[in-house]
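Take a look at the structure set out below.
What follows draws every value from the coordinates through simple rules; no lab data is involved. Predicted, not measured: the structure shown is a model, and the values here were computed from it. Note: ideal-geometry Cβ built from the backbone for every residue, glycine included; neighbour counts use all protein chains shown.
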Amino acid sequence: MNSRLKRFLVVLVLNFVLTASFPKAEPLPVSEQDGQYSNNEEIAVTIYDKIVTGQTSINISNDSDLEIRADIDVNEVEKSNVVSKEVSYNQELGVRIADFAKSLIGKPYMYGKTGPNSFDCSGFVKYVYGNFGINLPRTSQAQAYVGTRVSRSELKPGDLVFSNTYSSLSHVGVYVGDGKFVHAANSSTGVTVSSVNDGYYGARYAWSMRPY
């Protein structure tokens, strides 16, 4: 089988898998989130090209400037450069962060935006924390390494909640208490409230960080 025919057949299969899978996902399909790929066929071609060049572990992320990149293994996070410090909690600051996040509910989602009028998920978190003088990195995968890791049972208002929305970490929001977090979800719902423990995001919970 010549290489062009092989490439065509593999891309055809990948396109079928993407078409069957992404419409069921929440947030919106990648092609609608990142503005980089107009359809699943283009994504399939990109995946194929990545595979044949040896990049066998890939993730399509909706987060700004990530595009297609290697997965982050949530089991490896403790081996990363997470800032090492005692787990402490500034209740006054945490509550203020959570209240400010809640004040933005209803703002629209827009890829690549960091506020003040529209946000993507990591842009929302960066904007919220920036309001309190805490400068976080731009992307969710970078934000996941800032601060102290806390368990789901230890969550306090103001903590960051990370989700595996595309098989690896690709989404982030601000915990506001009572098992809820506020996040810029997608262009249909904008900034909204979701459950950390139940539903779509509960099933895709990755880990949490306290970045102050």
* Structure fact -> Taking every DSSP bridge whose two residues both lie in segment 74-210, the antiparallel percent to the nearest 5 is 95
* In segment 74-210, how many lysine pairs have Cα atoms under 21 Å apart, counting only pairs 8 or more places apart or on different chains? -> 11
* To do: Given the peptides 160-166, 113-119, 89-95, arrange them by the average over their residues of other C-beta atoms within 10 Å, most packed first.
  => 160-166, 113-119, 89-95
* Stretchable slack from N131 to V95, in nm (0.36 nm times residue separation minus alpha-carbon distance) -> 11.6 nm
* Structure fact -> Simple SL model, points at 7 angstrom along Cα→Cβ for S188 and S151; separation in nm is 3.5
* **Where labels lie 7 Å past Cα in the beta-carbon direction, separation of D178 and N117 in nm** => 3.1
* Asked: For N197 and S88 in one chain, what is 0.36 nm times their gap in residues minus the Cα-Cα distance, to one decimal in nm?
  -> 37.0 nm
* Amide H within-cut-off set for M110, under 5 Å, with H built and near neighbours excluded -> F119, D120
